[in-house]
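Note sheet for the following structure.
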Amino acid sequence: MEEERWLGLTDSYDYLDNGQNKLAIQQADKLLKKHKDLHCAKVLKAIGLQRTGRQEEAFSLAQEVTVLEPTDDNSLQALTILYREMHRPELVTKLYEAAVRKVPSSEEYHSHLFMAYARVGEYKKMQQAGMALYKIVPKNPYYFWSVMSLLMQAISAQDEKLAQTMFLPLAERMVEKMVKEEKIEAEAEVQLYFMILERLGKCVEALEVLRGPLGDKLTSELQCRENKCMLLYRRLEQWTECNALSLKLLLKNPDDWQFYLSYFDSLFHLIDQSWTPPSEGQHCAEGEVHNAVSQAVCFVEERVRAEEEKEQRPLRGPYLSRLELIRRLRERGLSEATQLGDPLELMVQYFGKFGDKPCCITDLRIFLDLLQPDQHVQFTNRLMEGVPLNSGEEGEGEGGAAAGLPSDTRALQRHLCVTQLTRNLGLHHALDTPAKMQLITHLKAHYQHGLQFGKSCLKTELQFSDMYCLMAAHVFIDLWMESGDEAMLWQSVCVLEEGLTHSPSNAQFKLLLLLLFCRLGAFEPVVDLYTSLDAKHVQHDTIGYLLTRYAEALGQFAAASQSCNFSLRFFHSNQKDTSEYIIQAYKYGAFEKIPEFIAFRTRLNHSLHFAQVRTERMLLDLFLEADISSSLEDSVKAMSLSPEDDDIPWDCLRDNRDLTVMVSWDPPDRQLTEAHKKQSVEEETVWLKVRSLTLRLIGCLALLSPTPPPQNSEKTNENGVASKHAPLHKLLPQLETALQEAADFTQTHTKTYPVLGPPATRMGVALQTGCCSCQLSALRLVPPLLEMDGAGQTHTSHTLTEISGSSVAITVPTWGGVSKRHTNSTHLGPYTFLRHGASVNTSRGETGGRVWYGDISQLPPPTVGIFKIGETAKQNYKNTNKEFRGKLLTVFRNMLFIWPKSYITHPT
């Protein structure tokens, strides 16, 4: 019997694992006919129902098992899987709370309960569960689970004083108890102790821990102990110890750049403090200290000489440290800078040693500011002297190279480095148009020649000469910016497309192509390009804006909705995935990572891109589906949109976009600056406010559909309609304020972004074309119309005046139910809105229906008309039937989210 049950359950598990959910349900039903009380079979059936879209049945069946408080592993694990798929992790905690009550001595159930609390972030209960587990099974990990939960209570506490006076001191005492009893066993426990002391601000005590026997346990990372000591020295401003430790570590590893920076920082702090070493004994606990520029110069020169004397290839750090020291000495106006040599000669020397490495360009570009402007041409000429190009004597036969072209990959890399530095110095930008065209020809020749070195490369590998191709595309973009000739952009596209045929995995080609296609308004290839980038995880937040920003602006609404969904899937899965990472960190004692995971989750939840795509996706869904596949009211309800609640964390929004993802060799005056980034974030935030308020106001309109007035209309007006109108009246002033803020922004910020910088929003175009003012006018018109509709024939002069003075934007060819009969009119059912007409009256139209004439002015053809409702129209509004008034209100609310997408403009 037991074997039969087990085989039946195994079959159900196999069906679920293979995606055969219906067969899993059938198998579970067979088991339940024979064994009615087999809880696990019920849960497996519920999982099958959940995966086939029958959520209510699945939940009902799961609850039947849950109320019985099962304690068998199969049922508990299956219910855990089900509740996680339902996104109800809080129900898992109740499961294991019941299991622990029934089996209080079970280590497994207590640990599952702890992890269930971890999924929902119940840190206090995690602390209690950890201590309960430690009392049952006195193991160190369980004890420190409880300590870590205390630390998490301190991190998440709203009251910092409570954290500093209660949670952290308690956690410290708990760890000190284990230290005194000499029960500290693992590195993770020392790391946790260090984290607690660090958050308490007890840096001195933390240093003692690191220097003591507990510090010997920090072995998992290279120089972990030294790095933590360096951090504390800098925090305590103990520059002598910081300098001595940096010196000691550089003698061991002269290629560690972070310690060069610490060495120079501490040196100049000591010089500023006029520190002098003691006459006797050690300078400090860490050893010898340098406190003079002459010592630093000698130290750096010694490191360089040591590299020169080595037989193997030298290290880069000492050579770069010499340039860094020159920069710092120049900033202070110290004459010792000349003792280290001329920066031009030092960079030429560096190029001679490391020019064939791809990192040479990134190493040298940060020191180009040490050169004088009149040295730029001399510098590039000197570098070219060190590039071994073919003289042409060998010919262009098999394996040979044409004159002026590199004969191997090392020579190619050297030439490429010089070309990149030349562009970095702005020498390419200074050329005239014929010279730039000649430069492009030169770059293409080097690119084509370099392809021979990558014939054996796999499709996933990059060609050695790809950067020539990318640079040629950049020069074409320069020509477009100077001349405005769009043909230059198409030439750039052709160059990149050719490059992509030889390097299908080159992300830089794809990113620049994506940008250029969007600028040219050719969106069709963009989705495939973005898909081929195979963006993973957090990249949907950092580079997702490249797709979502342009899709909607170019009228690709279905693609825009799909791209928003791509990003939203990542953001929605973030909560669940991060919980799993936290659980794994507890299991393996990676306590340092737990706050990082929490901070990562918080940063994504507060992402500006997340708020944008969520808002735009809902607006797109209303545009694409409302009044088509479902009514606007049903669509708003399905979204769980609550107009009264603003769930965007405006005060802590984070801009996670990677605005430097594209390679650029532009000189500093053409690069993206911090001012650009700040302006972009402000612009995105202001536009998000406008879009969010628009969405919430549409939600209000969906809840304000005209309804037949009840018999006791006076009472309804007092209690019902007024309360219904309240959100609308509250949000309208907020939208007015947001639009004024947007107008002020566009007037005060006129600086344009670099081509490879962040894309601008549609805010400027929306304001310039009158879109936003028309939206606002339409929204102002709805409350008085609803008031007239609810009041029947009794209209106040104030309401009629409001309607008379309101302007409404009508988007002609977009929504369902509106069709264009001829060039001068637009029809809504039997009613016609004329595009041209000087008077407002009613008559019989050609279709036998009622005709509505409008006074049309200032049309941005062919999509938008603006009309005013005049005095005659007011009277006719009273007399028209209720069906038409409802349709008119539908037009008003639909136009609010149609306009910004129907009025398509060139992204540039």
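The values are calculated or read from the model by the stated rules, or taken from the named source; none is laboratory data. These figures come from a predicted structure and were not determined experimentally. Note that we place each Cβ from the backbone using ideal geometry, even for glycine, and neighbour counts take in every protein chain shown. Heavy atoms of the whole protein, side chains included, go into the accessibility calculation; ligands, DNA and RNA do not. Shrake-Rupley method; radii C 1.70, N 1.55, O 1.52, S 1.80 Å.
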Testing LEU346 on (1) within 40 Å of the chain's Cα centre (by Cα); (2) buried (at least 16 other Cβ atoms within 10 Å of the Cβ), one condition comes back false. Which one is that?
(1)
Could you tell me which numbered condition SER335 fails, if it satisfies all but one of (1) open to solvent by 10 Å² or more (accessible area, probe 1.4 Å); (2) more than 28 Å from GLU226 (Cα to Cα); (3) within 44 Å of the chain's Cα centre (by Cα)?
(3)
If a residue has to be under 16 Å from PRO104 (Cα atoms) and not in a helix (DSSP H, G or I) to count, how many in segment 114-148 make the cut?
2
From the options GLN556, GLN575, GLN562, residue that is open to solvent by 60 Å² or more (accessible area, probe 1.4 Å), closer than 30 Å to ARG199 by Cα and not charged (D, E, K, R):
GLN575
Hey, ASP73 acidic (Asp, Glu), more than 19 Å from PRO89 (Cα to Cα) and either open to solvent by 50 Å² or more (accessible area, probe 1.4 Å) or more than 42 Å from the chain's Cα centre (by Cα) (or both) or not
no
Under the condition of being of a type in the set (Gly, Ala, Ser) and at pLDDT 90 or above, which residue from segment 1-53 is surrounded by the fewest Cβ atoms within 10 Å (Cβ to Cβ)?
GLY48
Mind checking which residues of segment 418-473 are of a type in the set (D, E, K, R), closer than 17 Å to LYS510 by Cβ and at pLDDT 95 or above?
ASP466
For segment 505-533, give me each residue that is out of contact with any helix residue (DSSP H, G or I) (no Cβ under 8 Å at 6 or more places or on another chain) and either open to solvent by less than 20 Å² (accessible area, probe 1.4 Å) or at pLDDT 90 or above (or both).
SER505, ASP528, THR531
Among the residues of segment 448-465, write down those that are open to solvent by less than 10 Å² (accessible area, probe 1.4 Å) and assigned to a helix (DSSP H, G or I).
GLY450, GLY454
Residue match in segment 529-549 (condition: among the small types (Gly, Ala, Ser) and either closer than 30 Å to GLU185 by Cβ or in a helix (DSSP H, G or I) (or both))
yes
Breaking point among (1) without any contact (Cβ under 8 Å) to a residue 40 or more places away in the chain; (2) more than 26 Å from VAL137 (Cα to Cα), for ARG84
(1)
Taking the conditions exactly as written (at pLDDT below 80 and open to solvent by 20 Å² or more (accessible area, probe 1.4 Å)), does GLU736 satisfy them or not?
no
Return the pair list, or none, for Cβ contacts closer than 7 Å from residues in segment 754-770 that are open to solvent by less than 40 Å² (accessible area, probe 1.4 Å) to residues that are outside any helix (DSSP H, G or I) and among the charged types (D, E, K, R), at least 6 apart or on different chains.
PRO758/ARG657
Is it true that GLU596 is outside any loop (DSSP other than H, G, I, E, B) and open to solvent by 60 Å² or more (accessible area, probe 1.4 Å)?
yes
Test each condition in (1) farther than 26 Å from VAL304 by Cβ; (2) touching a residue at least 24 places away in the same chain (Cβ under 8 Å); (3) within 39 Å of the chain's Cα centre (by Cα) for GLN273 and report the one that comes out false.
(3)
Among MET195, MET148, MET126, MET178, the single one that is more than 36 Å from the chain's Cα centre (by Cα), among the aliphatic types (A, V, I, L, M) and buried (at least 17 other Cβ atoms within 10 Å of the Cβ) is MET178
Looking at (1) modelled with pLDDT of 90 or more; (2) open to solvent by 50 Å² or more (accessible area, probe 1.4 Å); (3) aromatic (Phe, Trp, Tyr), which one does PHE610 not meet, given that it meets all the others?
(2)
